[in-house]
Amino acid sequence: MGLLGLRIFEACGSNIADLGEEHGHRVLRVHGKGGKVVLVPLPPAVAEPSTGP
């Protein structure tokens, strides 16, 4: 999540329901300052599911 350049409150306010796909790309819907909603494209390293320890 640190790779996305989000503000702390944007990253902490996100949940699994905010993940989606637009034009074939994984995106995160972020609620930013002033109530603006922005779609942030997820780089492959972030979009891949974690394999865990």
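The values are calculated or read from the model by the stated rules, or taken from the named source; none is laboratory data. As the structure is a computational prediction, the values presented were derived from the model and not from experiment. Ideal geometry is used to build each Cβ from the backbone, glycine not excepted, and the neighbour counts take in all protein chains shown. Accessible surface is based on the protein model in full, side chains and every heavy atom, while ligands, DNA and RNA are left aside. Shrake-Rupley method; radii C 1.70, N 1.55, O 1.52, S 1.80 Å.
Tabulated data
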item	result
Residue-span extension gain [ARG7 to LEU19] - 0.36 nm each, minus C-alpha spacing	2.6 nm
1.4 Å probe accessible area per residue over the range 1-42, in Å²	74 Å²
Restricting the range 6-42 to trypsin sites (Lys or Arg not before Pro) in coil, as DSSP defines it, with at most 10 other Cβ within 10 Å	LYS36
